[in-house]
Number of protein chains: 2
Amino acid sequence: MSLDALFNPRSVAVIGASRDPRKISGWVMRNLVEGGFAGPIHPVNPAGGEILGRPVAPDVAAIGSPVDLAVITVPRARAAEAVRACAAARVQVAVILSSGFGEASGGDGTALQQELVATARAGGLRLLGPNCMGVFSAGAGLNASYFWDLPRVPGRIAFVSQSGAYGGMFFAEVRARGIGVTKFASIGNQVDIRHQEVMAWLAEDPETAVIACFVEEMKDGPEFLRVLRDTARKKPVVILKAGRTEAGRRAAASHTGSLAGSREAVLAALRQAGALVARTTEEFFDVAMALDWYGDRLPANDRVAIMTVSGGPCVIASDAAEEQGLAVPPLREAVRETLRRHLPFFAALGNPVDMTPQCEPDRYAACVDAVLAEPEIGGCLALNCGLDSAAFGQAFAAAEARHGKPVVAFTLATPEVDRVFREHRIAVFPAPERAVHAYRGLLEYARVRARRGGAALAPAPPSAVLAALAPPAGAVLDEVAGKAILREYGIPACREAVARDEAEAARCAAALGFPVVVKVCLEGLGHKSDRGGVVLGLRDEAAVRRAAQELRRRFGPGVRLLVQEQVPDGVELILGARRDPQVGPVVAVGLGGVFAEALRDVALRVAPLTVEDALEALDELRGAPVLRGARGRPGVAREPVARAMAALGQLMLANPQVAELDINPLIGAGDRLVAVDALVVLAGAAADAPGPPRHGTVEGNGR
Amino acid sequence: MSLDALFNPRSVAVIGASRDPRKISGWVMRNLVEGGFAGPIHPVNPAGGEILGRPVAPDVAAIGSPVDLAVITVPRARAAEAVRACAAARVQVAVILSSGFGEASGGDGTALQQELVATARAGGLRLLGPNCMGVFSAGAGLNASYFWDLPRVPGRIAFVSQSGAYGGMFFAEVRARGIGVTKFASIGNQVDIRHQEVMAWLAEDPETAVIACFVEEMKDGPEFLRVLRDTARKKPVVILKAGRTEAGRRAAASHTGSLAGSREAVLAALRQAGALVARTTEEFFDVAMALDWYGDRLPANDRVAIMTVSGGPCVIASDAAEEQGLAVPPLREAVRETLRRHLPFFAALGNPVDMTPQCEPDRYAACVDAVLAEPEIGGCLALNCGLDSAAFGQAFAAAEARHGKPVVAFTLATPEVDRVFREHRIAVFPAPERAVHAYRGLLEYARVRARRGGAALAPAPPSAVLAALAPPAGAVLDEVAGKAILREYGIPACREAVARDEAEAARCAAALGFPVVVKVCLEGLGHKSDRGGVVLGLRDEAAVRRAAQELRRRFGPGVRLLVQEQVPDGVELILGARRDPQVGPVVAVGLGGVFAEALRDVALRVAPLTVEDALEALDELRGAPVLRGARGRPGVAREPVARAMAALGQLMLANPQVAELDINPLIGAGDRLVAVDALVVLAGAAADAPGPPRHGTVEGNGR
């Protein structure tokens, strides 16, 4: 169903409306009336009478005309009754402001909430909330929220917030900046209408150009990510992700020793889906508002000019720009020559350009134009402390218009400059770094828009190996089974064979070709090498026989022996996957050994992931130079690794019973890639049991 | 000389004073008069007449009474003349506002500046500037600056700024926050009075409690750091370091392939000396102002409570606190029980504590007190969006006073709460993260204050080995000489001997004990292993002879052979030192191989460094777990490594002709530490020459 009735209702009822403006129920009535809603507003209260000139209906059924949207302000104990009445009266959407439901850790909140949901669902009524702050829709003149004094200027930003307080912060910010808002929805406990449904509706809303979301919890993470991916292709989505619900999961992750901390998984997933993930509250608002103004003037590249009349801030801005991955390249001599003609001899012509306070105001225009005309410059930061000349503002406005490149500003105590900037939609931020971060957000969105994305791999069938083995829940498969499953999904694994005794081991080795490795094949595993369960570098049948004999002596005559090709040296990688409770299967890649473990240098992507996604993940690794062949050693081609990552995502999606999978090491050299050891853990009882010893370190083929 | 005449002059002259308030020269006059300076103010201008009721002297000599401070506002071409006149009239300090001197990249600015300095020095006149914004001193009622509308409230922060614009930003910030300022000095080009001299004076100024510095360039970095170290022991010093002048040096660093990028060296040096180094403009002002208010209420530990009535911001604050290295520990059950008694059933009792908007206002006090009474909690963040109850503010103010623990706040739209907070000097920040960062600044200062520091090693004598060798400038010493120098300073190096032929090599090996390594000993060096110049694992004399023969065949019969003990396995470190143009000798430590190179995982300290400094550096390494023995391998004790770092600092200070020194690898296991290869590069011609091939990677003992 569409959310038209939520954002563009034809009529509204306030259930529990009050005459007392100090109560929420009176406050919301006043907000609705003062907001200028054009359709009928029906206060509902058994007490009857009149509120703000509207007759009060004793109950919703008594209204006598269709109600699209009901705002429920009654105490929690009476909320279910109100929902029932609304459903009976064929109200389309109810916004439940009342709290004390699922968010309440003690008491009967959860039970009450379940009753709300069941009642609404039975009656075909959609719910926003409970425990929310309401909804605002500028086009409809609808303010069915706690918030008053909302912006009257037209706007294009929509804000979806799980936190009511962030709603207040958002409105305070837009008010302070003189920016308008198109829609606001406080989604509270998301018992019915969730983040993603609002996002999907806003993606199609012609009045909305930018979507900002404050997210605490994703209900159905994979669905959220799917909607986010589709939405981010249409308009920018800026997200501030609060981590509360991850504290517990983070603890769990450290308990299982998993590589992919949930917080990191969620942030990686949001970015992968195309969201601009803000690091701080200020950056969240700054970037959302910058995209509102600059959506049609994004930087074409990462090279920015910094132009100023104020030395210190321009140094700080240059530092911040470089730290944020922007380039501040020196200008060509031809441009410097132009600048030299117009500026005092002591001006700084390089990039940054310090025109100095002594610059004649009639020269700004020529200078700024010369810099923005440069094809290699993608946009500009304009900085000005206290030199309040309208000509300064006009110079940037004119050059921006002429060259279609964004100019983002930091100013202090320059009301005239600010006025000109505002007229031309050049945003002014209150610190040099904030201007830089906002500009960086524009660049990031330009990149999201330019992303080719690549085709997702087709869904793969479930593993035949796994079906044949039919292992119990919670089982930990041995490495032979693990690698057999990998091969099914096109991930190359080392050639190997299982032998029961010395003679069979020798035959296997001869078939594989020397040198070989012989090791014990155990389920569950553990540190085979440490326990003397691996013999490397066997060059002939006699050596294989001796090794097999020794292993049988040590681990018992019944032990299975694994004879493997000895994989030549290369770059050691680890590749893993696990299921994140919020976002689903997550694929992790890192370099082997200390990189992944001691340094936590691991990049994550959620499944399904494209080869492009995987390549981006590889580029994120701090140890990425090692992939290219550091220290005179051969590197590994990125594409086979990326294909293996994408395939591992397919594997996890096709086999929901696989809880975790670790390939360690995955050895690559050039185009060759070989999984040497693999651990597959199935979902189930293992979660409760103490669990098998984990795949701690480099292992497998004796490395 | 003291800066009393600058900050507490008895009389002031304005050279070039004007009647026109639109000119700087008129503006400064007005600022001085309106600032309420109690002593005489003498306008000086050949035009004579009267300005703001003061008779204008035709020149400074004509004033007829002693002048402590002169403010020079004349154009640059006449500045030297003004300085000469001031010196002749025995003025003590001149503040030169005029610009176009050393900061100007073209023209005669530098020459003019040199003239200023020479003239002033000859006449015993001290100079602030040129190219500065003047000086402000609240106690003296002195506003000899560009800035007007300065704070009238008493203050304890002093601000020393190389950037005039940051002066304006600073005053705008304190005005907005209602905070007072004790002193302000804009130091401009620092031709005479430098950052460190002002800092040293402020360190002793009883009116100054916090020193904030905007630093672009340190003139005499080692001296700056010495003063900073002394000052930071007395009061907090908050620094925003702008990087402009490092761009060139950074390029140079990448040219020499040095590990220690200059920017990183400078930031490490500032922190080592005890400064609080801000990452952004906002953090700079936030932390400085927090220290002003909380200097006497610093957190005793890193465990913070977060208390709120607003859910979303408290999640974001928790995230930010953890990301900033603060702990947000769960509260003891006894405290939770107290909270449970006072709060609605759906409140969150854990830490963070969400008292919820439904909390009765008379319950705040008991809750906040119960939390701050906890000995394990060092302080508290108070967050409130829109619930404007004075009781909320009073609860925190009372608990803070009772328990002497800092409370730092974020609020939105709560004027009553803010009023109470302000009365009790609880600072309110405009975003949850900014409150967290300010709190983090308090903790960091508490740590600086608690630092034991440790004793600096005594200065060491110059190297006798180096004196005996008497190598030419720019020379690159061979590893034998390098290690001989290390041993002089107590850095253990592998046992080794030089041999000319097979027989001598065998004798050396026998004396060292087997196994040994034989390698060629070349000056300059390069990748000995790659060139087949290293033979490992020689277990008897015959093997040594064969190896020596082969190396002589390959490298020529005249090659010197180095016979070394084969150092057992351990943790591979690299230790290096170079001279930073700003801060002097810098010691760098990292883990061997890819860690230092691919990951740039290197920690820096300037010399002289204490063992404590070195231990802190080791803790900063991302790869620090490897030192403790990751992946089942033995670790290395930190103390011997730290001692070697401190000794390397001594070595660099004692031998100024050593430009660079690299120990790679330095192998450690337990308490044993051995330098296996060392490269010493002397200062001199090498800087211009193409330079020797660099010590690229793991090398030396064949590793």
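Looking at (1) more than 21 Å from A:Arg263 (Cα to Cα); (2) within 42 Å of the chain's Cα centre (by Cα); (3) open to solvent by 20 Å² or more (accessible area, probe 1.4 Å), which is the one condition that is false for A:Arg578? The number of the failed condition is (1). Within the set B:Pro222, B:Pro206, the sole residue that is open to solvent by 10 Å² or more (accessible area, probe 1.4 Å) and without any contact (Cβ under 8 Å) to a residue 12 or more places away in the chain turns out to be B:Pro206.
Can you spot a residue in region A:403-420 that is open to solvent by 40 Å² or more (accessible area, probe 1.4 Å), assigned to a loop (DSSP other than H, G, I, E, B) and not assigned by TED's automatic domain parsing to the domain that holds A:Leu331? Checked region A:403-420: no residue is open to solvent by 40 Å² or more (accessible area, probe 1.4 Å), assigned to a loop (DSSP other than H, G, I, E, B) and not assigned by TED's automatic domain parsing to the domain that holds A:Leu331. The set of residues from region B:362-383 being surrounded by 18 or more Cβ atoms within 10 Å (Cβ to Cβ), of a type in the set (Gly, Ala, Ser) and closer than 10 Å to B:Leu339 by Cα comprises just one member, B:Ala370. Among the residues of region B:307-360, the ones that are part of a helix (DSSP H, G or I) and either within 13 Å of another protein chain (Cβ to nearest Cβ) or over 18 Å from B:Asn384 (Cβ atoms) (or both) come to 22 in all. For region A:136-153, the set of residues classified as out of contact with any Pro (no Cβ under 9 Å at 6 or more places or on another chain) and buried (at least 24 other Cβ atoms within 10 Å of the Cβ) consists of A:Phe136, A:Asn143, A:Ser145, listed by residue number.
Exactly one residue out of A:Leu97, A:Leu127 is crowded, with 17+ Cβ neighbours inside 10 Å, away from chain B (no Cβ under 14 Å), within 23 Å of A:Ser2 (Cα to Cα) and touching a residue at least 40 places away in the same chain (Cβ under 8 Å), and it is A:Leu127. Between B:Ser25, B:Ser2, B:Ser65, the distinction of being touching a Ser or Thr at 6+ places or on another chain (Cβ under 6 Å), farther than 19 Å from B:Thr119 by Cα and open to solvent by 10 Å² or more (accessible area, probe 1.4 Å) belongs to B:Ser25 only.
In the set (1) in a strand (DSSP E or B); (2) surrounded by fewer than 13 Cβ atoms within 10 Å (Cβ to Cβ), the condition left unmet by A:Asp20 is number (1). Looking at A:Asp108, is it of a type in the set (Asp, Glu), at pLDDT below 95 and closer than 24 Å to A:Gly35 by Cβ? No, not satisfied.
Here region B:301-319 is the region considered, the condition is being farther than 19 Å from A:Ser163 by Cβ and buried (at least 20 other Cβ atoms within 10 Å of the Cβ), and the residue that is farthest from the chain's Cα centre (by Cα) is B:Ala305. For the residues B:Arg156, B:Arg76, the requirement of being open to solvent by 20 Å² or more (accessible area, probe 1.4 Å), over 30 Å from A:Leu349 (Cβ atoms) and charged (D, E, K, R) singles out B:Arg156.
Condition check ((1) outside the structural domain of A:Pro430 (by TED's automatic domain parsing); (2) modelled with pLDDT of 85 or more; (3) in contact with a helix residue (DSSP H, G or I) (Cβ under 6 Å, 6 or more places away or on another chain)) across all residues:
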site	(1), (2), (3)
A:Val227	yes, yes, yes
A:Gly243	yes, no, yes
A:Glu246	yes, no, yes
A:Ala260	yes, no, no
A:Leu276	yes, yes, yes
A:Ala290	yes, yes, yes
A:Arg303	no, yes, no
A:Cys314	no, yes, no
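Only a single criterion out of (1) closer than 20 Å to B:Ala305 by Cα; (2) away from chain A (no Cβ under 14 Å); (3) of a type in the set (Val, Ile, Thr) is not satisfied by B:Val448, namely (1).
B:His342 falls short on exactly one of the conditions (1) at pLDDT 95 or above; (2) more than 16 Å from B:Phe396 (Cβ to Cβ), and that condition is (2).
Residue selection: A:Ala395 satisfies the criterion of being buried (at least 21 other Cβ atoms within 10 Å of the Cβ), over 21 Å from A:Ala320 (Cβ atoms) and more than 37 Å from the chain's Cα centre (by Cα).
The residues in region B:480-510 that are in a helix (DSSP H, G or I), open to solvent by 20 Å² or more (accessible area, probe 1.4 Å) and in contact with a helix residue (DSSP H, G or I) (Cβ under 7 Å, 6 or more places away or on another chain) can be counted, and the count is 4.
For B:Ala273, the conditions (1) open to solvent by 10 Å² or more (accessible area, probe 1.4 Å); (2) touching a residue at least 24 places away in the same chain (Cβ under 8 Å) are fulfilled apart from (1).
Residues that are open to solvent by 10 Å² or more (accessible area, probe 1.4 Å), part of a helix (DSSP H, G or I) and at pLDDT below 90 occur at least once in region A:686-698.
Beta carbons closer than 6 Å, at least 6 apart along the sequence or on distinct chains, pair a first residue in region B:509-537 that is at pLDDT below 85 with a second that is surrounded by 15 or more Cβ atoms within 10 Å (Cβ to Cβ) and part of a loop (DSSP other than H, G, I, E, B) for B:Glu523/B:Asp478; B:Gly524/B:Pro692; B:Ser529/B:Gly702.
Elements of the type helices (runs of 4 or more DSSP H) sitting completely within region B:543-657 and holding at least 3 residues that are touching a residue at least 24 places away in the same chain (Cβ under 8 Å): these cover B:594-597, B:611-620, B:638-654. Only one entry in A:Val371, A:Val304 is touching a Leu at 6+ places or on another chain (Cβ under 9 Å), more than 9 Å from every other protein chain (Cβ to nearest Cβ) and part of a helix (DSSP H, G or I), namely A:Val371. Filtered by the rule that a residue be open to solvent by 10 Å² or more (accessible area, probe 1.4 Å), small (Gly, Ala, Ser) and touching a strand residue (DSSP E or B) at 6+ places or on another chain (Cβ under 8 Å), region A:161-185 gives A:Gly164, A:Ala165, A:Gly168, A:Ala172. Taken together, the residues in region A:320-347 that are open to solvent by 20 Å² or more (accessible area, probe 1.4 Å), free of Cβ contacts under 8 Å to residues at least 24 places away in the same chain and closer than 23 Å to B:Tyr166 by Cα amount to 4.
The values are calculated or read from the model by the stated rules, or taken from the named source; none is laboratory data. All values reported here derive from a predicted model rather than from experimental measurement. Ideal geometry is used to build each Cβ from the backbone, glycine not excepted, and the neighbour counts take in all protein chains shown. Quick note on the areas: whole protein, heavy atoms, side chains included, nothing else; ligands and nucleic acids left out. Shrake-Rupley method; radii C 1.70, N 1.55, O 1.52, S 1.80 Å.
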